[in-house]
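Chemist: For reference, the structure I am asking about is given below.
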Amino acid sequence: IGVGEPVDREQPIGVPSPLNPISPMKKAYTSNVIAPPKFPRPGPLTPKPWMEDSAFRTDNSNNILPFQDRNRPFDAFSLHSLENSLMDMIRTDHDKGKPHPAGGRSCLFPFEDGFLDDGHGDPSLTPGLNSPTRCQNGERMERYSRKVFVGGLPPDIDEDEITNSFRRYGHLVVDWPHKAESKSYFPPKGYAFLLFQEETSVQALIDACIEEDGKLYLCVSSPTIKDKPVQIRPWNLSDSDFVMDGSQPLDPRKTIFVGGVPRPLRAVELAMIMDRLYGGVCYAGIDTDPELKYPKGAGRVAFSNQQSYIAAISARFVQLQHNDIDKRVEVKPYVLDDQMCDECQGARCGGKFAPFFCANVTCLQYYCEYCWASIHSRAGREFHKPLVKEGGDRPRHVSFRWS
């Protein structure tokens, strides 16, 4: 059964009340600048020249594996093609329960960015935000996505005023969902995204924030509201991948796709949830945008055994419950596009890769068109639906036409 792309929304959370905004023990931040009233503009602002269209590209054109450009050694697993993109995420210095180093991104499941976000997170697991930038071979490594969520904005603040409030940290573009279509000057839901040109700007922004209960805030003014604390939520790149057990080889045929993952959920949290539900988790990853490295609302989990994998895909939908998060997400097998037919090994299809995968627990095999028709004409299998890999790498069911 085809499942549509899950829709979720950003919700600013935990914004302190203006009556008791900031604890006196925290670092103070004030702003005495109130932006002047704005007049109607003839059209939306033109983005800065540095922001190219590729920054918003959500197709699968960026196929460079992010972990192959580094000089550290990798674990060697003898697997094929796309399987290697999963293998490269494990390093020889990964011990059990060690998160992936910062600076990387996951690109196993790029698909359209719908600004999925539930606005929940677990501050108890958040690493120190103000820790120094890591270096490797004398070169500075990025630690944060250049895309930053800001929530709880004043209702009358517009794009120019948001830009002016944050431009002290570096060149940026302000964006929010469906901004181009609506041509609105005000973020309709009270939140926006700051797209910085440089990652150092994000670190400067973090350093200027006030920390309260594990969350970051900055005071922003609008024409009618002065110094309103808004939530700043950066994405730490090291939260994109988590290796639960580095001693286990990763098998993409025991890997699931998870759709509708809340944006603030980190890989370590996804791994813990799935391990608690099904056991046997050895790796979890959060899919991020190739350019900005920001979560896209999907993930994948690799299991060490077939029993856990089958239990997960049999559920089809899973209720993610973790602290404030309570979200129903979609679970499907991770479909590869470079597998030979498990029935004929390419003999009946001219050696071409198998286009179909049967996710039914009685099959769990790749089939060419000929073998699919042959096997699934048998009693009890005629209602199985093939799962294929879309151009955006998101698996979907299709209807098989019998000849």
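Each value in this text was obtained by applying a stated rule to the coordinates, not by laboratory testing. None of these values were measured; they are calculated from a predicted model. We place every Cβ from the backbone using ideal geometry, glycine too, and count neighbours over all the protein chains shown.
Chemist: Placing unit charges on C-beta atoms (Lys and Arg positive, Asp and Glu negative, everything else neutral), compute the dipole magnitude of the stretch 146-234 about its Cα centre in debye, rounded to 20. Before the final figure, lay out the partial values.
Modeler: Working: 11 positive and 14 negative charges, 29 e Å.
I would put it at about 140 debye.
Chemist: Please tell me which of these pairs span more than 19 angstrom C-alpha to C-alpha: K332/K389; K147/K296; K296/K332; K147/K228; K296/K385?
Modeler: Numbers: K332/K389 11 Å; K147/K296 12 Å; K296/K332 17 Å; K147/K228 21 Å; K296/K385 27 Å.
Over 19 Å Cα-Cα: K147/K228; K296/K385.
Chemist: Kirkwood hydrodynamic radius for the stretch 211-328: how many Å is it when counted over pairs of different Cα atoms? Intermediate values should be presented prior to the final figure.
Modeler: Details: mean 1/r = 0.0634 Å⁻¹.
Result for the stretch 211-328, one decimal place: 15.8 Å.
Chemist: In addition: Would you please classify the overall shape of the stretch 143-296 from the alpha carbon gyration tensor, given that a ≥ b ≥ c denote the square roots of the eigenvalues, rounded means a/c under 1.5, and beyond that prolate means a/b larger than b/c while oblate covers the rest?
Modeler: prolate
Chemist: Let me ask you something else. What shape does the stretch 262-376 have by the C-alpha gyration tensor, where a ≥ b ≥ c are the square roots of the eigenvalues, rounded means a/c under 1.5, and otherwise prolate means a/b greater than b/c and oblate the rest? List each step's numbers first, then the result.
Modeler: Values: a/c = 2.80, a/b = 1.86, b/c = 1.50.
Prolate, since a/c reaches 1.5 and a/b exceeds b/c.
Chemist: Size of the stretch 146-234 along its principal axes in angstrom, Cα-based, largest extent first?
Modeler: Projected onto its principal axes, the Cα set of the stretch 146-234 covers 33, 28, 20 Å.
Chemist: Pairs of alpha-carbon atoms within less than 8 angstrom and 6+ residues apart define the contacts here; what relative contact order does the stretch 199-288 have, in percent?
Modeler: Details: 91 pairs, mean separation 22.7, N = 90.
Taking the mean separation of contacting Cα pairs over the length of the stretch 199-288, I get 25 percent.
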